[in-house]
Amino acid sequence: MATNFRGVVPALVTPFTEQGVDYPALRAHLDWLIESGIHSVVACGTTGESPTLTHDEHNQVVAETVKAATGRIPVIAGTGSNSTAEAVAMSVHAKEVGADGLLLVSPYYNRPTQDGLYRHFVTVAEKAQLPVILYNIPSRTGVNILPDTMAKLAAHELIVGVKEATGDLNQMIRTIELCGPDFLVTSGDDGLALPLWSVGGGGVISVAANIIPGPLVKLWASWEAGQIDAARAAFFELLPFFKALFLETNPIPLKYLMGLTGSMSGLTRSPMFPPSDPIKKVLDELASKWSKHFPPSRK
């Protein structure tokens with residue numbers, strides 16, 4: 001099951017208007033991403049500003065993404081919560097509307113123990129009966145899924161992988177070592193994608209793939225074909241772009257760039273606000289170099 005989620009997987013932005021979610025823009029964006037060759041997609045992840053979506057919006061974004069994908073690619077629904085019951089409810093809904101898998105972030109703020117993490121993830125997986133990719137991002141959640149816990153979770157038939165966003169390559173290596181080759185360890189950081197692939201990682205759940213999917217798909221294809229020098233050269237060319245997307249908190253820089261393309265409004269929801277003027281200047285310069293890879297304007 002994990003192989004279905006390998007490769008370049010955009011963590012979808014959620015387009016907004018002043019009135020709410022811009023579903024036509026969401027559908028158009030997904031069509032363009034699929035035409036660009038991406039391998040699957042995550043709806044309602046961090047990049048999709050899931051913390052500011054209402055429950056109804058969250059469920060509808062997942063449903064609309066599944067509907068728009070029309071079976072062309074797998075759809076992974078971000079359904080994590082710091083409440084096990086809430087995560088179960090969102091995950092069961094995702095199963096009902098046709099999602100292919102779940103992305104479950106570690107419960108944030110309440111900081112469960114390693115045993116609590118294990119029980120939480122297993123409960124959600126078994127209630128929803130969908131393949132689960134764990135999402136390990138201690139900088140946002142305050143808790144780290146340690147490699148020994150990851151290995152215990154990997155033994156469960158429904159828990160097929162992890163989006164690793166600890167920034168700790170040593171921990172990722174240990175996870176791969178303990179969990180074995182059938183457990184998907186995919187990068188949650190564009191800037192660590194190639195290093196992780198070199199030790200057995202299986203793709204990237206990507207911020208940058210929202211706006212430059214083509215170069216990322218090409219990077220992955222080079223790596224998969226064993227064209228190591230080409231992959232390395234492409235990675236280092238992309239690295240300044242990856243870094244720029246995190247000059248302020250994700251998805252602030254990305255949403256600004258999406259607004260420049262005219263493919264969507266670029267609005268973020270409070271407490272996310274437009275980037276500062278110095279950051280805008282850096283992003284404007286980036287856009288001038290990479291705009292040929294950007295989505296087409298809908299204006």
Residues of the range 11-37 being part of a helix (DSSP H, G or I) and within 14 Å of Val75 (Cβ to Cβ), in sequence order, are Leu26, Arg27, His29, Leu30, Asp31, Leu33, Ile34
If we keep only residues of the range 154-175 that are aliphatic (A, V, I, L, M), out of contact with any Asp or Glu (no Cβ under 6 Å at 6 or more places or on another chain) and crowded, with 21+ Cβ neighbours inside 10 Å, then the residue nearest to Thr47 (Cα to Cα) is Val162
Note on the range 1-47: residues over 17 Å from the mean Cα position of the chain (by Cα) and more than 21 Å from Trp220 (Cα to Cα) are Phe16, Thr17, Glu18, Gln19, Gly20, Val21, Asp22, Tyr23, Pro24, Ala25, Arg27, Ala28
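Quick grid of which residues meet (1) touching a residue at least 40 places away in the same chain (Cβ under 8 Å); (2) of a type in the set (Val, Ile, Thr); (3) part of a helix (DSSP H, G or I); (4) under 30 Å from Leu178 (Cβ atoms):
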| residue | (1), (2), (3), (4) |
| --- | --- |
| Arg232 | no, no, yes, yes |
| Pro240 | yes, no, yes, no |
| Leu254 | yes, no, yes, no |
| Ile279 | no, yes, yes, no |
| Lys292 | no, no, yes, no |
Restricting attention to the range 229-283, the residues that are touching a helix residue (DSSP H, G or I) at 6+ places or on another chain (Cβ under 8 Å) and on the phi > 0 side of the Ramachandran plot number exactly 1
In the range 194-219, anything hydrophobic (A, V, I, L, M, F, W, C) and outside any helix (DSSP H, G or I) is listed as Val199, Val204, Ile205, Val207, Ile211, Ile212
With criteria (1) assigned to a helix (DSSP H, G or I); (2) crowded, with 20+ Cβ neighbours inside 10 Å, Ser222 comes up short on (2)
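Please work out if Arg72 is surrounded by fewer than 18 Cβ atoms within 10 Å (Cβ to Cβ), in a loop (DSSP other than H, G, I, E, B) and at pLDDT 95 or above. Before you say what the answer is, go through the steps one by one.
Details: surrounded by fewer than 18 Cβ atoms within 10 Å (Cβ to Cβ): yes; in a loop (DSSP other than H, G, I, E, B): yes; at pLDDT 95 or above: yes.
Judged against the criteria, Arg72 is a match.
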Turns out the helices (runs of 4 or more DSSP H) fully within the range 111-173 with at least 2 residues that are of a type outside the set (D, E, K, R) and more than 20 Å from the chain's Cα centre (by Cα) are 114-128, 147-154
Counting only residues in the range 1-51 that are closer than 16 Å to Leu102 by Cα, touching a helix residue (DSSP H, G or I) at 6+ places or on another chain (Cβ under 6 Å) and among the hydrophobic types (A, V, I, L, M, F, W, C), the one surrounded by the fewest Cβ atoms within 10 Å (Cβ to Cβ) is identified as Cys44
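The values are calculated or read from the model by the stated rules, or taken from the named source; none is laboratory data. What you see is a predicted model, and the numbers here were worked out from it, not measured in a lab. Cβ atoms come from the backbone with ideal geometry, glycine included; neighbour counts cover every protein chain shown.
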